[in-house]
Amino acid sequence: LGYEDDKGYFITHDIYEEWALEKIISKEFFQKDNNQSFFNKIGQSLPIRRGFRNWISEQLLLKSNDVKSFIEEVIGDDNVDQSWKNEILISILLSDYSDYFFNNFKDLLLKNNQELLKKVTFWLRIACKEVDEDFFKQLGLKNVDLSTLKYVLTKPKGNGWKSVINFVFFNLKEIGIENIHFILPVINDWNSKFKEGETTKFSSLIALKYYQWIVEKKFYFSRDDDVKDLLFQTILYGSSEIKDEMKNVFEEILKNKWKNHRDPYYDLSKTILTKLEGIFIAKVLPEYTLQLADLFWTYTPPKKDRWYSDYRMRVEQYFQIKDDHLDYFPASSYQTPIYWLLQ
């Protein structure tokens, strides 16, 4: 049924087409000689492919063993056209069957430099999203006409997001840092919309581990690459779920007085003290935020030697404030976590 304010409820014509297509697909499936003949008979028109996706999702919902076996055969069959595999992957990611799929296809997902996992994450970000109605509600907007908007905000949809993130978390060593570029957008998309829960915790721990690998192994990313920014966002968005791990990081920074450009965690500390995302840490670990600010902002005179001069060029040092402003520009009370801590 459809609904419009001026017309009320009415029957939409496409539903008849969808019923008919799913009936045809179901009939051909149970009469098939083999999987290839089944795909040949139903054809590859766009309505059929859409009907096939709906039919697969429904069968997974009904926990059909025949369809589960069919999916396992098709995913591993090199002779089946990739477009059908894509339709199946999308249906899996939108269903509760996704956990079963990732548990039983681990070797295939990690095979050939995670080729299948890369395809899964691609379709996850393309086909498994929905309009973020909550955003409009927070703005006090109702019945928004999406066709009039220049940009439409979306959020993750389907159980596949949780399944993928869980799979990556428990197989992170095998996936490795070399494949950060297809994992990072997934965990960032999730944490930007969901700030609590087990999946958020796993996303944050994945991001933190990746950053620690970058620090330890000195991985280099080009300036055009926003890898670090996305990592920091993901870590800080989910900071309420990884408080203990963040405490350990802060303890290490404070113990070793790491506040110089080449020191470990410098970029993370700078983000917490200068970017809006730092608010999330200020909320859950206010004491450590203040200690971090004290470390970075308090002026520390250099060690005296025969070349030492206590000449002070900037007025900040007379107030024991370091003259390195950490790029606080333009001047604003929102440039540091202090305003939020005062609140």
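Among the helices (runs of 4 or more DSSP H) lying completely within the range 248-302, list those that include at least 2 residues that are over 23 Å from Glu216 (Cα atoms).
278-284, 286-297
Residues of the range 225-251 that are open to solvent by 60 Å² or more (accessible area, probe 1.4 Å) and at pLDDT below 95: Asp226, Lys228, Asp229. For the range 286-298, state whether one or more residues are under 17 Å from Ile235 (Cα atoms), open to solvent by 70 Å² or more (accessible area, probe 1.4 Å) and not β-branched (Val, Ile, Thr). Scanning the range 286-298 turns up no residue that is under 17 Å from Ile235 (Cα atoms), open to solvent by 70 Å² or more (accessible area, probe 1.4 Å) and not β-branched (Val, Ile, Thr).
Of all residues in the range 178-188, none are within 22 Å of Glu115 (Cα to Cα), at pLDDT 95 or above, out of contact with any helix residue (DSSP H, G or I) (no Cβ under 7 Å at 6 or more places or on another chain) and of a type outside the set (Val, Ile, Thr). For the range 1-33, taking the residues that are open to solvent by less than 100 Å² (accessible area, probe 1.4 Å) and of a type in the set (Val, Ile, Thr), the one that is nearest to Gly51 (Cα to Cα) is identified as Ile25. Candidates Ser45, Ser64: the one that is more than 21 Å from Ser95 (Cβ to Cβ), polar (S, T, N, Q) and surrounded by fewer than 17 Cβ atoms within 10 Å (Cβ to Cβ) is Ser45. Scanning the range 181-212 for residues being open to solvent by 30 Å² or more (accessible area, probe 1.4 Å) and in contact with a strand residue (DSSP E or B) (Cβ under 9 Å, 6 or more places away or on another chain) gives a total of 3.
Do the conditions hold for Phe39, that is, is it over 19 Å from Asn159 (Cα atoms), open to solvent by less than 20 Å² (accessible area, probe 1.4 Å), without any contact (Cβ under 8 Å) to a residue 40 or more places away in the chain and touching a helix residue (DSSP H, G or I) at 6+ places or on another chain (Cβ under 9 Å)? No, not satisfied. Kindly provide the set of residues from the range 160-177 that are surrounded by fewer than 17 Cβ atoms within 10 Å (Cβ to Cβ), under 21 Å from Ser98 (Cα atoms) and modelled with pLDDT under 95, ordered by number. If the condition is that a residue be surrounded by fewer than 17 Cβ atoms within 10 Å (Cβ to Cβ), under 21 Å from Ser98 (Cα atoms) and modelled with pLDDT under 95, then Glu174 is the only one that fits. Applying the set (1) on the phi < 0 side of the Ramachandran plot; (2) under 29 Å from the mean Cα position of the chain (by Cα) to Asn112 leaves exactly one unmet item: (1).
Of the helices (runs of 4 or more DSSP H) lying entirely inside the range 86-150, not one contains at least 1 residues that are over 25 Å from Leu172 (Cβ atoms), at pLDDT 85 or above and in contact with a Pro (Cβ under 8 Å, 6 or more places away or on another chain). Looking only at the range 81-95, decide whether some residue is open to solvent by 60 Å² or more (accessible area, probe 1.4 Å) and closer than 21 Å to Lys162 by Cα. Checked the range 81-95: at least one residue is open to solvent by 60 Å² or more (accessible area, probe 1.4 Å) and closer than 21 Å to Lys162 by Cα. Is there a residue in the range 57-72 that is modelled with pLDDT under 90, assigned to a helix (DSSP H, G or I) and among the small types (Gly, Ala, Ser)? The answer is yes, given that some residue of the range 57-72 is modelled with pLDDT under 90, assigned to a helix (DSSP H, G or I) and among the small types (Gly, Ala, Ser). Taking the range 3-51 as the range and being part of a strand (DSSP E or B) and more than 37 Å from the chain's Cα centre (by Cα) as the test, the residues that pass are Gly8, Tyr9, Phe10. You will find that of Arg306, Arg314, Arg262, the residue that is modelled with pLDDT of 80 or more and either open to solvent by 80 Å² or more (accessible area, probe 1.4 Å) or in contact with a strand residue (DSSP E or B) (Cβ under 9 Å, 6 or more places away or on another chain) (or both) is Arg262 and no other.
The values are calculated or read from the model by the stated rules, or taken from the named source; none is laboratory data. None of these values were measured; they are calculated from a predicted model. No Cβ is skipped: glycine too gets one built from the backbone with ideal geometry, and neighbour counts run over all protein chains shown. Areas reflect the complete protein model, heavy atoms only, side chains present, ligands, DNA and RNA absent. Shrake-Rupley method; radii C 1.70, N 1.55, O 1.52, S 1.80 Å.
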